[in-house]
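Before any comments, here is the structure.
The values are calculated or read from the model by the stated rules, or taken from the named source; none is laboratory data. Being a predicted model, the structure only gives us computed values, none of them experimental. Neighbour counts are summed over all protein chains in view; Cβ atoms, including those assigned to glycine, are modelled from backbone coordinates with ideal geometry.
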Amino acid sequence: MNPNQLRNIPPAKLRIILDLMEASRGKGTDSIMPLLMQANQKMQQQGLQFTPNESQLILDLLKEDMTPDEIRRLEMMQSIISNFHS
C-alpha cells in the first residue's frame with residue numbers, strides 16, 4: 001500500500017478503507033464481496049460516499065493479495081456492477 005495514495009482521504013473514509021483491507025486480507029472474492037457491502041453500508045450510515053478515485057484505490061488494494069483468477073473475477077463483477085449504473 002502506497003501511503004501517498006491515502007494522504008488526501010478524509011479520516012472517516014480512511015478508517016473504513018483500512019478496516020476493509022484488514023478484514024479482507026487473505027480472503028477470496030467470495031468472502032470480499034460481503035465485506036465491500038458492509039463498508040458501503042458504513043459509508044451510507046455516515047452520509048459519506050467514495051469518489052471514483054477512492055473506489056478504484058480500494059479495488060487496486062484488494063487486488064494486491066489476489067491470484068490472477070480472483071482478479072479476473074473481481075474485474076468481471078466490477079464490470080457487471082458498472083453496467084447497472086450506466
**Study point:** Candidate set: the range 60-86, residues that are modelled with pLDDT under 85 and polar (S, T, N, Q); chosen: the one farthest from MET21 (Cα to Cα)
**Key:** SER86
Practice item. Filter the range 36-59 for residues that are over 12 Å from ILE16 (Cα atoms) and touching a residue at least 12 places away in the same chain (Cβ under 8 Å) and give the result. Key: LEU57, LEU59
Review point. Hey, does the range 33-49 have a residue that's in contact with a helix residue (DSSP H, G or I) (Cβ under 6 Å, 6 or more places away or on another chain) and at pLDDT below 85?
Key: no
Exercise for review: Could you list, in sequence order, all residues of the range 2-57 that are among the aliphatic types (A, V, I, L, M), over 24 Å from SER79 (Cα atoms) and exposed (fewer than 14 other Cβ atoms within 10 Å of the Cβ)?
Suggested key: ALA12
